[in-house]
Amino acid sequence: MITEQKAYDLLKKMEDPLLHKTLEETNGILEVKAKEEKAHVSVKIALAKTGTPEQLQFQMKIVDALKKAGAETVGIRFATLPEEELEKLRASGDLQSDTGGLLSPNSKTTFIAIASGKGGVGKSTVSVNLAVALARLGKKVGLIDADIYGFSVPDMMGITNRPKVRENQIIPVERFGVKVISMGFFVEDNSPVIWRGPMLGKMLNNFFSEVEWGDIDYLLLDLPPGTGDVALDVHTMLPSCKEIIVTTPHPTAAFVAARAGAMALRTNHEILGVIENMSYFESKLTGEKEFVFGQGGGDKLAEELRTEVLGKLPLQQPDWNEEDFAPSIYGEDHKIGHIYGEIAGKMVQLLG
Ligand SMILES: Nc1ncnc2c1ncn2[C@@H]1O[C@H](COP(=O)(O)OP(=O)(O)O)[C@@H](O)[C@H]1O
Ligand SMILES: [Mg+2]
């Protein structure tokens, strides 16, 4: 059993993870309620910044502390500190004034995550080509290769140089008008990445906070396949992210992809649409279409997720240009390059 007073006394000594000031100093305790008969405590805490990985850790710290003090169950709600408190903190130098970072609420950048239920369906191919197609439409585009273990974007785009560092900020590598960052830039000689969960979340966070993205319209994220840790980190880190789900036309592939869609919906990410890749093979000789991987997966998935199919991409390799080698990028005049252009146009329209 724990009283409201005791819970309050515990909380007021805990520090806002961003400010390193106690919740008492920041007036961050908005509400403490204890139902003594049930040993349940519910609290409402205001932080300088919500939706951060630090918030998650702080949440666990609070639950721990309250349970040690006798609570059986704990409910926590978070809010952002009121503007006048933030103003006071800025004035005293405890909170750096918001320079309009990518993750700040007044950021004009739209995040678009490309997800799939499993690997090998062409998620990275779709990510790099959509990024390039959006840049061809004159948009300012960034691309994060968030597949930290299975990074492939640098190779697919034919990027051979590494990012430069300027005043502790990483300058993304620009290729075909797209600013790119990938774990692949930071490992030597294609060695495997062997980190565990918490490091991954940190790395991802660095991709947002320590990279000089500048003023960009769209930031695409090539997510790892499936619904694992990194995908979940992205979902929690970016509360207003849009999603595109990639699937092959086989009905079972669509079934697996639906899980990625369900994850997006559960974290309140809006699904922009479905892209069906490897939809068919079209004979160059006869023009006949063969549905080598089955049919209907994209439509079925879109129906299930109550969204639309943004496009269907046939099987075909890009034309390789030995002088400017980018093995997975389709030229603007390539048949598939055209389809990417159409999808990009639809996306711009949908995003208003
Ligand atoms: N429409 C397509 N036609 C031909 N090959 C494709 C197509 N889409 C993807 N591929 C190839 O399939 C493989 C898997 O694609 P990739 O984008 O790496 O998938 P994922 O990121 O989902 O694992 C790659 O070798 C890629 O070049
Ligand atoms: Mg990939």
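Data overview
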| item | result |
| --- | --- |
| Single match in Leu89, Leu102 (criterion: open to solvent by less than 30 Å² (accessible area, probe 1.4 Å), closer than 28 Å to Phe207 by Cβ, touching a Lys or Arg at 6+ places or on another chain (Cβ under 9 Å) and not in a strand (DSSP E or B)) | Leu89 |
| Checklist (1) under 25 Å from the mean Cα position of the chain (by Cα); (2) not in a helix (DSSP H, G or I) applied to Gly75, failing item | (1) |
| Residue match in the stretch 48-60 (condition: over 26 Å from Asn206 (Cβ atoms), in a helix (DSSP H, G or I) and free of Cβ contacts under 8 Å to residues at least 40 places away in the same chain) | no |
| Residue list for the stretch 105-120, filter: open to solvent by 10 Å² or more (accessible area, probe 1.4 Å) and within 14 Å of ligand 1 (Cβ to nearest atom) | Gly117, Lys118, Gly119, Gly120 |
| Matching helices (runs of 4 or more DSSP H) fully within the stretch 150-253 where at least 1 residues are within 27 Å of Gly138 (Cα to Cα) and either modelled with pLDDT of 95 or more or within 16 Å of ligand 1 (Cβ to nearest atom) (or both) | 153-157, 229-237 |
| Scope the stretch 300-352; condition over 20 Å from Ala113 (Cα atoms), in contact with a Gly (Cβ under 9 Å, 6 or more places away or on another chain) and in a helix (DSSP H, G or I); matching residues | Gly337 |
| Selection within the stretch 163-181 - basic (Lys, Arg) and free of Cβ contacts under 8 Å to residues at least 40 places away in the same chain | Lys164, Lys179 |
| Residues of the stretch 136-146 satisfying the condition of being touching a strand residue (DSSP E or B) at 6+ places or on another chain (Cβ under 9 Å) and open to solvent by 20 Å² or more (accessible area, probe 1.4 Å) | Lys139, Lys140 |
| Hits in the stretch 131-149 (condition: part of a loop (DSSP other than H, G, I, E, B) and either within 13 Å of ligand 1 (Cβ to nearest atom) or at pLDDT below 90 (or both)) | Ala146, Asp147, Ile148, Tyr149 |
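The values are calculated or read from the model by the stated rules, or taken from the named source; none is laboratory data. Given the structure is predicted, the values throughout are model-derived calculations rather than measurements. Here Cβ is always computed from backbone atoms with ideal geometry, including for glycine, and neighbour counts include all displayed protein chains. Side chains included, ligands, DNA and RNA excluded: accessible areas come from the protein's heavy atoms. Shrake-Rupley method; radii C 1.70, N 1.55, O 1.52, S 1.80 Å.
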